[in-house]
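One structure is given below, encoded as structure tokens.
The values are calculated or read from the model by the stated rules, or taken from the named source; none is laboratory data. Predicted, not measured: the structure shown is a model, and the values here were computed from it. Cβ atoms come from the backbone with ideal geometry, glycine included; neighbour counts cover every protein chain shown. For the accessible areas, the whole protein counts, side chains as well, though only heavy atoms, and no ligand, DNA or RNA atoms are used. Shrake-Rupley method; radii C 1.70, N 1.55, O 1.52, S 1.80 Å.
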Amino acid sequence: MSTNSAPGTDMPSAQVPDYPMPRAARCPFDPPPALHTLQDRAPISRVRLWDGSSPWLVTRYEDVRALLADPRIGSDSDLPHYPHLSPAQKERRRQSRTFINMDDPEHARLRRMVTAAFSIRQVEALRPAIQKIVDGLIDTMLAGPEPVDLVEAFALPVPSLVICELLGVPYADHGFFQANSKILIRRTSTVEQARVATQQLLEYLDRQIGVKLAHPADDVLSTLAARVRAGELSRHEAASMGMLLLTAGHETTANMIALGTLALLQNPDQLDRLRESDDPKTVASAVEELLRYLSIVHSGRRRVALEDIEVGGVTIRAGEGVVLANDVANRDPDAFPAPDRLDIDRNPRHHVAFGFGVHQCLGQPLARVELQVVYSTLYRRVPTLKLAVDLDEIPFKHDGSVYGVYELPVTW
């Protein structure tokens, strides 16, 4: 292997680590130890991706937050040297670009079309309906046999039902879009698998847009259909936006429900504190702490420098790829004292689990309400909830861009 230095560093190319890095076996909730080592010794350094490229990896909280808010950093996935997560993700974004992978003014123009549906006011109005969904699923779970897979029986249906109602998509189709979503977030999916899954989802959302054009209702897809009718969006753009909202709207929250439950079961003092409190502020704080502690997007936020940027004593040149490691940034001791300890009273609202700046997660108000309802209800209604298998028997999503568990067998 060559020992020539990687561009812009004094690190021999043989020492440039691959990214993403393997997680620690000792604690499935912690970022890879190698990320902490980089955070301590080389917080802005080169890493090697699947395609042989070597973008910058940024690991300290202060630097990550600053760059997420910097207009000199671009999110356009069509830019040369954009650090794609995998061949499958590159193919997906070739077929279906959305505002999360665009820069202003296009990013702002398209994002504004759906912002209202995810506003804090609109989402809070959904809280009673979300509570009803959660209670109904718990009723069904308690009435059935045990043990049960919490992912299948509860964690996945909660956000799927909510996002289907919000978008105006039939929940009866959930098996179809969940199966295709899993292909798209799995790093090991082939380009052909990603192409087929993306095409199937786009065709499905296009049909749904067609339904809303003929029979508009009070939902997000009808809003997008109205934009199509007005000539402000193409059918393809509307379908792509619908696909983004549908897939992101259930995958991330489902993983947070299951993985958050597992984290609490492994920290019974924190679970007891949450279960015994009827203070909404405690519940809200628990949600923020679990978001910080788990940071389920473990593939980093992907960007490209649009200009030369000096950060942390390093100059990132225009055109170079950048990966902002939000998971280890949320474990930075300079930002969060004792960061590897789960403390639901911490209330770390300044975490970067949802990103930061103009590209921060559109759906974060909805995710927060869903998690608040779940975390304040499930453990109180099922106070004896416990794992039905040993921790080392639980299959974790080491191969996904969104971290979580494939199954979570529980009993009570």
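Observations
- Within the option set 249, 260, being under 24 Å from residue 186 (Cα atoms), modelled with pLDDT under 95 and either open to solvent by 10 Å² or more (accessible area, probe 1.4 Å) or small (Gly, Ala, Ser) (or both) holds for one residue only, 249.
- Residues of segment 311-326 that turn out to be assigned to a loop (DSSP other than H, G, I, E, B) and out of contact with any Ser or Thr (no Cβ under 8 Å at 6 or more places or on another chain), as a count: 6
- All positions within segment 193-224 that are among the charged types (D, E, K, R) and under 25 Å from residue 404 (Cβ atoms): 195
- Within segment 275-297, the set of residues being in contact (Cβ under 8 Å) with a residue 40 or more places away in the chain, outside any helix (DSSP H, G or I) and among the polar types (S, T, N, Q) comprises just one member, 295.
- Residue count for segment 394-412 satisfying the condition of being part of a loop (DSSP other than H, G, I, E, B) and either touching a residue at least 40 places away in the same chain (Cβ under 8 Å) or aromatic (Phe, Trp, Tyr) (or both): 11.
- Qualifying residue in segment 66-88 (condition: touching a Ser or Thr at 6+ places or on another chain (Cβ under 7 Å), in contact (Cβ under 8 Å) with a residue 12 or more places away in the chain, in a helix (DSSP H, G or I) and more than 17 Å from residue 378 (Cα to Cα)): yes
- Pick from segment 214-231, criterion open to solvent by less than 50 Å² (accessible area, probe 1.4 Å) and without any contact (Cβ under 8 Å) to a residue 40 or more places away in the chain, ranking: farthest from residue 286 (Cα to Cα): 228
- Against the numbered list (1) under 14 Å from residue 242 (Cβ atoms); (2) part of a loop (DSSP other than H, G, I, E, B); (3) among the polar types (S, T, N, Q), residue 223 comes up short only at (2).
- If you go through segment 98-149 and pick out every residue that is within 18 Å of residue 160 (Cβ to Cβ), among the acidic types (Asp, Glu) and touching a strand residue (DSSP E or B) at 6+ places or on another chain (Cβ under 7 Å), you end up with 1.
- Residue within segment 357-369 that is in a strand (DSSP E or B) and either open to solvent by less than 40 Å² (accessible area, probe 1.4 Å) or among the small types (Gly, Ala, Ser) (or both) present: no
- Complete set of residues in segment 42-60 that are small (Gly, Ala, Ser) and assigned to a strand (DSSP E or B): 45
- Any hit, segment 279-292, residues being of a type in the set (Ser, Thr, Tyr), within 17 Å of residue 361 (Cα to Cα) and touching a Leu at 6+ places or on another chain (Cβ under 8 Å): no
- For residue 116: the one exception among (1) open to solvent by 40 Å² or more (accessible area, probe 1.4 Å); (2) more than 19 Å from residue 223 (Cα to Cα): (2)
- Check on residue 375, in contact with a helix residue (DSSP H, G or I) (Cβ under 9 Å, 6 or more places away or on another chain), within 29 Å of residue 128 (Cα to Cα) and open to solvent by 10 Å² or more (accessible area, probe 1.4 Å): no
- Within segment 162-180, the set of residues being open to solvent by less than 50 Å² (accessible area, probe 1.4 Å), in a helix (DSSP H, G or I) and not small (Gly, Ala, Ser) comprises 162, 163, 164, 166, 167, 173, 177, 178, 180.
- Residue 304 vs. criteria within 22 Å of residue 63 (Cα to Cα) and crowded, with 19+ Cβ neighbours inside 10 Å: yes
- Note on segment 104-123: residues that are among the charged types (D, E, K, R) and either under 21 Å from the mean Cα position of the chain (by Cα) or part of a loop (DSSP other than H, G, I, E, B) (or both) total 3.
- Residues located in segment 96-119, provided they are at pLDDT 95 or above and either of a type in the set (S, T, N, Q) or more than 25 Å from residue 75 (Cα to Cα) (or both): 115, 119
- Within segment 232-246, tally of residues that are open to solvent by 10 Å² or more (accessible area, probe 1.4 Å) and either of a type in the set (Ser, Thr, Tyr) or part of a helix (DSSP H, G or I) (or both): 6
- Scan of segment 132-161 for residues that are farther than 25 Å from residue 223 by Cβ, open to solvent by 50 Å² or more (accessible area, probe 1.4 Å) and part of a helix (DSSP H, G or I), ordered by number: 139, 140, 142, 143, 152
- Residue identified as open to solvent by 20 Å² or more (accessible area, probe 1.4 Å) and either among the polar types (S, T, N, Q) or at negative phi (or both) among 314, 352, 322: 314
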